[in-house]
Amino acid sequence: MSSAQSVKKNGYSRSLGSLPLFSSLPHAGIRELETKLIFARHATGSILFRQGEKAKGIFLVFEGRVRVFANAIDERTALLKVAGPGAVLGLAAMLSENPDLTTAQATEPSVVARLWGDDLINSMQKYPQLLRAVAQFLAAECIETATEALLLRVPSSSFQRLATALLR
């Protein structure tokens with residue numbers, strides 16, 4: 001994160017409880033996690049994490065946009081999503097202790113907080129509500145991914161698949 005600059009927590013950490021992943025936590029849990037967040041301002045083009053690197057934490061987008069993409073074997077790039085404020089990135093890779101399958105890059109000036117994996121896991125052990133919220137978040141991501149895959153595999157014309165993808 002060489003292009004990232006430190007950011008004071010003015011106002012950003014206060015919205016941690018508004019993120020669905022953390023909304024079920026008691027106020028004490030939210031305040032505890034807020035002290036662990038590391039905020040950074042990322043310039044356009046700044047890389048948050050790279051495909052193939054070991055995931056060491058999660059990223060929370062507070063301002064701006066971040067594109068999440070993967071490079072395929074044939075060196076083609078697949079844009080998977082554009083994440084905006086409220087997005088949580090890198091959770092599955094961090095929990096599975098696998099390398100990131102994607103790269104995340106700021107597409108505009110962005111404010112992103114990092115939460116180290118150990119801090120998240122400790123909070124999950126301490127607050128069962130967070131453990132349940134993480135499971136629900138990951139389940140929703142799985143369902144979304146499966147739905148996208150089904151829509152792309154359903155027999156239809158290329159035009160229909162493109163139109164569906166653009167509408168989603």
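The values are calculated or read from the model by the stated rules, or taken from the named source; none is laboratory data. These numbers were taken from a predicted model, which means no experiment stands behind them. All Cβ positions, even for glycine, are placed from backbone atoms using ideal geometry, and neighbour counts span all protein chains on display. Keep in mind that these areas ignore ligands, DNA and RNA; they rest on the heavy atoms of the full protein, side chains included. Shrake-Rupley method; radii C 1.70, N 1.55, O 1.52, S 1.80 Å.
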Problem set entry | Whole-Hz ³J(HN,Hα) from phi, Karplus 6.51 cos²θ - 1.76 cosθ + 1.60, for region 48-62, glycine and proline x | 7, 8, 10, 4, x, 7, 5, 6, 10, x, 10, 10, 10, 8, 9
For this session: Compare S18, S46 by solvent-accessible area with a 1.4 Å probe and give them largest first, with all protein chains kept in place.
Result: S18, S46
Exercise. Where in region 37-57 does the label zone of L138 land, with the point 7 angstrom along Cα→C-beta and an amide N cut-off under 15 Å?
Worked result: 55-57
For this session: With the full set of protein chains in place, find how many percent of the accessible area of region 13-84 is carbon and sulfur; take the probe as 1.4 Å.
Result: 51
